[in-house]
1. For the range 146-200, which positions are assigned to a helix (DSSP H, G or I) and β-branched (V, I, T)?
2. Yes or no: the range 78-89 includes at least one residue that is within 19 Å of L134 (Cα to Cα), among the acidic types (D, E) and at pLDDT 95 or above.
3. Looking only at the range 3-30, count how many residues are open to solvent by 50 Å² or more (accessible area, probe 1.4 Å) and under 17 Å from the mean Cα position of the chain (by Cα).
4. (1) under 17 Å from T130 (Cα atoms); (2) crowded, with 17+ Cβ neighbours inside 10 Å: which one isn't true of T181, the others all being true?
5. Can you tell me which residues in the range 151-163 are touching a Lys or Arg at 6+ places or on another chain (Cβ under 8 Å) and more than 19 Å from V111 (Cα to Cα)?
6. Residue pairs, Cβ under 6 Å, 6 or more apart or interchain, first in the range 200-221 and in contact (Cβ under 8 Å) with a residue 24 or more places away in the chain, second open to solvent by 30 Å² or more (accessible area, probe 1.4 Å) and part of a helix (DSSP H, G or I). List them.
7. Taking the range 134-153 as the search range and keeping residues that are surrounded by fewer than 22 Cβ atoms within 10 Å (Cβ to Cβ) and not basic (K, R), which one is farthest from A34 (Cα to Cα)?
8. Filter the range 69-81 down to the residues that are under 17 Å from N119 (Cα atoms), in contact (Cβ under 8 Å) with a residue 24 or more places away in the chain and open to solvent by less than 70 Å² (accessible area, probe 1.4 Å) and list them by number.
Amino acid sequence: MSTDLPLQGKIALVTGASRGIGRASALALANAGAHIVATARTQSALESLDDEIRQASGGSATLVPLDLAEPENLDHLGLAIHQRFGRLDVLVHAGAVLGPLTPVAHIEPGVWDRVMKINATASYRLIRATEPLLKAAPSARAIFVTSGRVARPKAFWGPYGAAKAAMEHIVRTWADEVEHTNVRAVLVDPGQMRTKMRAEAMPGEDPSTLPPPDEIGPLMVELAQADLGLPRANVSFAAWKSSGTLVSA
């Protein structure tokens, strides 16, 4: 394996790949040699990502427009990856939705259902659809983007925090279940980043004070490498950036 392209020949699925952390992860993994299976709702944004991957690294991508609010789409995605590639080496689940920030007593049932579908249910359906593919790879890595709101609840963040907490529990449970296989799973807390979701949550914040999403790319590449063991806990981007090593949060 080339040290310049540590993920050469690997197949990497990235959700939420059209923007923010998902896009930055897809670009970084492609630059490291992986073929990207990129999913997001917007076809044009995926095409823009594909153009950037080709221009930056000469890499390639398979574009799959889908809505995580319709998790049965993930079953079809798993089947398509099996038919085309037969395996999955890397999974990065960055797709998520903020939902409205509102008091718990004011949450509309439809809003609650959508946030839970996208941030929690889709995570379980993604695991269900990709576990056989990950097990078919020599050494697979699954990376799920979480949030500090799980450990630090805050007023008005109820649906988002609850859904991310559910996702964390599912991922940790699954990580325990596959401990003695070739699959390793990890949760990554990116902290405060210059993303569209952050701007929606904090419209008065100066985005220039926050790190851009592309700074998390090297961490994703490091976590995706088969020769690196993954901690069975959250990995903090801030701690990794300051120390240069994988530090469990």
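1. I170, V171, T173, listed by residue number.
2. yes
3. Of all residues in the range 3-30, those open to solvent by 50 Å² or more (accessible area, probe 1.4 Å) come to 3-5, 8, 19.
Retained after the next criterion (residues that are under 17 Å from the mean Cα position of the chain (by Cα)): 19.
Adding up the residues that qualify gives 1.
4. (2)
5. Start the filter on the range 151-163 by keeping residues that are touching a Lys or Arg at 6+ places or on another chain (Cβ under 8 Å), which leaves 157, 160-161.
Within the range 151-163, no residue meets the criteria.
6. As it stands, the answer is L219/W240, since those pairs meet every condition given.
7. P153
8. A69, P71, L74, D75
The values are calculated or read from the model by the stated rules, or taken from the named source; none is laboratory data. Everything numeric in this text was worked out from a predicted model, so none of it was measured. With ideal geometry, Cβ positions are generated from the backbone for all residues, glycine too; neighbour counts draw on all protein chains shown. Please note that ligands, DNA and RNA were not included when accessible areas were found on the heavy atoms of the full protein model with its side chains. Shrake-Rupley method; radii C 1.70, N 1.55, O 1.52, S 1.80 Å.
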